[in-house]
Amino acid sequence: MSASELDIVRRAYARQMVGLLGLASKRLEDAFAAVPRERFLGPEPWHVRHGPSGYVALPSNDPVYAYQDVLFALKQERGVNNGSPSLHARMMHAFDPSVGSSVAHIGAGTGYYSAILAELVGPTGRVIAVEYDPALAEQARANLAPWPGIEVVWGDGAAWPQGEVDGVYVNFAVERPAEPWIEHLRPKGRLVFPIGVAGRPRSPGGPRHTLRGGVLLVVKNGAEHPVRTVSPASFVCAEGRLAVNEEERERLAAAFDGGGVEFVKTLVWKKPVDPSRCWYATGDWALSYDPPRE
């Protein structure tokens with residue numbers, strides 16, 4: 001395909017990812033249409049995820065294959081993919097970073113969704129793209145060179161951001177938000193993160209994925225932050241300091257088994273709560289059914 005023909009394919013894909021979710025956002029569509037996904041999928045052969053059957057190798061790295069709602073493998077052995085564009089469209093619509101804002105992308109992979117976030121915040125905005133895997137971080141640094149407003153960091157997502165930001169966008173599942181995601185978020189800033197129950201590895205030493213989970217949107221507001229469920233979702237689980245915790249996994253599994261996460265209204269941070277009014281509660285944070293009191 002010529003560059004102009006591929007631009008048409010990319011625009012059609014962007015319109016589908018946004019429109020088929022029932023969303024009407026020209027700004028989000030334009031951001032998806034501006035970023036060439038094929039740039040971020042690695043060397044030949046590309047592999048796409050086909051459910052429980054695993055990955056299938058594509059016959060070639062034809063860029064037109066990139067513009068569908070499928071997962072491309074970035075590191076099969078770790079279960080790391082370039083994730084579902086329609087899910088990220090929904091997450092970014094909820095996240096809604098303003099032009100000129102600063103956001104941290106935690107779990108950036110090779111940088112595709114970091115680039116889309118950069119398109120949303122514009123040339124006056126800033127994106128900090130944090131990736132735990134050194135090889136993926138190096139690829140992201142090369143892939144994102146055309147976006148000068150992006151800083152790529154090789155590091156543990158539990159430690160970032162290290163300064164104040166307007167938004168935090170997380171690309172893997174956790175059983176609790178990392179402290180900097182809350183503490184370093186400016187007032188009225190937004191945090192989008194997947195929360196989920198980690199399943200057993202599919203192979204010895206292999207990655208964990210969520211058995212049950214969803215994406216939450218949190219708005220910074222004192223110690224009681226408004227929260228809502230964006231979407232059910234399955235993600236690869238955190239590594240490093242945010243890796244799975246057996247005790248909290250059992251509590252979280254019981255909460256998901258009981259249902260009702262869609263009725264959660266508040267994330268309470270480092271403040272006493274009434275556990276009977278919470279969908280899920282630990283010693284220092286909780287997801288409460290009651291609206292914020294601050």
### Task
Evaluate the Kirkwood expression for the hydrodynamic radius of the stretch 60-157, namely the inverse of the mean inverse distance over all pairs of different C-alpha atoms, and round to one decimal in Å.
13.8 Å
### Task
Express in % the proportion of alpha carbon pairs of the stretch 85-288 at distances exceeding 31 Å.
14 percent
### Query
Taking R0 as 30 Å, what's the FRET efficiency between Ser98 and Arg11 from their Cβ-Cβ distance, rounded to 0.05?
0.80
### Message
If the elastic network links every pair of Cα atoms under 10 Å, which of Pro123, Pro187, Pro59 fluctuates the most in the Gaussian network model of the chain?
### Response
Pro59
### Query
Residue separation times 0.36 nm, minus the C-alpha to C-alpha distance between Asp284 and His50: what's the value?
80.3 nm
#### Entry: Ordering of 188-194, 26-32, 287-293 by packing [mean C-beta count within 10 Å, highest first]
188-194, 26-32, 287-293
### Task
Using DSSP to define loop residues, name the GluC sites (Glu not before Pro) in the stretch 65-155 whose beta-carbon has at most 10 other beta-carbon atoms within 10 Å.
none
### Query
So what is the relative contact order for the chain, in percent, with contacts set as C-alpha pairs under 8 Å and at least six apart?
12 percent
### Student exercise, the chain dipole from Lys, Arg, Asp, Glu Cβ charges, in Debye to nearest 20
420 debye
### Task
Keeping to pairs on different chains or 8 or more places apart, tell me how many lysine pairs in the chain have Cα atoms under 17 Å apart.
5
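Coordinate-derived values only; no laboratory data. Everything numeric in this text was worked out from a predicted model, so none of it was measured. All Cβ positions, glycine included, derive from the backbone under ideal geometry; neighbour counts span all protein chains shown.
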